1. Note down the magnitude of the dipole of the range 63-179 about its Cα centre, charges +1 on Lys and Arg C-beta and -1 on Asp and Glu C-beta and zero elsewhere, to the nearest 20 debye.
2. Could you check how much of the accessible area of the range 77-193 is carbon and sulfur, as a whole percent, using a 1.4 Å probe?
3. May I ask you to list the lysines whose Cα is less than 18 Å away from that of residue 78, ignoring any residue fewer than eight positions away on the same chain?
4. Divide by every residue of the chain the summed helix terms, -39500 (n - 2.57) for each DSSP H run of at least 4, and state the resulting mean residue ellipticity at 222 nm, rounded to the nearest 500 deg cm²/dmol.
5. Under 1.5 on a/c is rounded, so check that first for the range 1-40, then, if it is not, pick prolate when a/b is larger than b/c and oblate when it is not; a ≥ b ≥ c are the square roots of the alpha carbon gyration tensor eigenvalues.
6. Can you tally the net charge around residue 68? Count Lys and Arg as +1, Asp and Glu as -1, for every other residue whose Cβ sits under 12 Å from the Cβ of residue 68.
7. Under a straight-distance cross-link criterion of Cα-Cα below 17 Å, which lysines are reachable from residue 248, leaving out those fewer than 8 residues away in the same chain?
8. Identify, among 134, 281, 24, the residue whose Cα sits farthest towards the positive end of the charge dipole of the chain, taking +1 on the Cβ of Lys and Arg and -1 on the Cβ of Asp and Glu, with the dipole about the Cα centre.
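The values are calculated or read from the model by the stated rules, or taken from the named source; none is laboratory data. In this text, all values refer to a predicted model and were calculated from it rather than measured experimentally. Cβ coordinates were reconstructed from backbone atoms using ideal geometry, including for glycine residues, and neighbour counts include every protein chain displayed. Areas reflect the complete protein model, heavy atoms only, side chains present, ligands, DNA and RNA absent. Shrake-Rupley method; radii C 1.70, N 1.55, O 1.52, S 1.80 Å.
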Amino acid sequence: MKTQQQRIRETYDWLDKLIRASLGEFPDFSGAVYDGDYSLTLEQAQCRKHDYILRSVKFEPGMRVLDIGSGWSPMLKKIKERGGYPVGITLSPVQAAHSKRHGFDVFLGDWKDLNPDDLGLFGAVISVGAFEHFCNIDEYRAGEQDAIYKEYFSFVNKLLPVGGRHYLQTMTWGRNHPQYEDISLNAPIDSPEYIVAHLNTYYVSSGWLPYGVGHIMENANGFELISANSGRLDYIRTLAHWREQFQKASVRKIAPMIEIAIRYLASNSFRDRMRSSRTGAQLKAFENEVFEHTRMVLEKSS
Ligand SMILES: C[S@@+](CC[C@H](N)C(=O)[O-])C[C@H]1O[C@@H](n2cnc3c(N)ncnc32)[C@H](O)[C@@H]1O
């Protein structure tokens, strides 16, 4: 049985070429910021997100910024362009190699295995679309969810001076989330219980989400909440934009599509994950408020 970390790593590694051929060399793989203007292109909305994040953490040129879950380094690129010194962390060897190829300083591995003393102090820490992966279902069932979040905030706390900011963007459970005991592929199709069973069985993350801003803050010792807002509608729009981009024909996609077809034929688990993305279960989870999406700005108070 693969661990959640292995599943996350594999999925990013397997889809690397297709994602870059569809979304560009530095793809953002997280919800964008439309500010209610859904006529924006995906690129414009991702650019708004970068600006929003940098404003939120009071970024200044010369600042060292850590990105926990840095993906294909879109934020590292933006920070460098603005005169900062970005450092990333990712679980995916392919993402880490890509970031290094583009001259970025990136740690390959789980933040839980890193010693904050080895990383040094940062002016700001950001994490976009990674927190939702931090607690898996076994950990949730073992009652470890709060302890994992406390460990995370203690890790971030050690990296910041008092007054330093942390931007956290994550999926959370929405108001219609199911209880663990009721989650089942035998539940009525498209019920919250079915959608989550489907995602847990087939989807990349199969994690257990936090319950919202209040739950996250209960575990954020040493941090004050500066602001929080919902990005659920923005995520729905982002998913629609991704779908358009993935469906666009392009010569650059031929080689990755052949690779994917070969893997599809060879691997049951890859077939399952592909099947899941086609059914749009993640979109249904956001539309039906099974999932929420939150953008939080925190400041280290002690
Ligand atoms: C959905 S992607 C988001 C990437 C990027 N922040 C963006 O917005 O495009 C999630 C990222 O979090 C990383 N990640 C997930 N769990 C992690 C962990 N425990 N430690 C380090 N990175 C992690 C993954 O490797 C991946 O790079």
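1. Working: 13 positive and 13 negative charges, 122 e Å.
That gives the range 63-179 a dipole magnitude of about 580 debye.
2. Details: 2540 of 5190 Å².
Looking at the range 77-193 in its full context, I get 49 percent from C and S.
3. 49, 58, 100
4. Values: 13 runs with 141 residues, N = 302.
My calculation for the chain gives -14000 deg cm²/dmol from helical runs alone.
5. oblate
6. Values: positive: 112; negative: 67, 110.
Its environment carries a net charge of -1.
7. 17
8. 24
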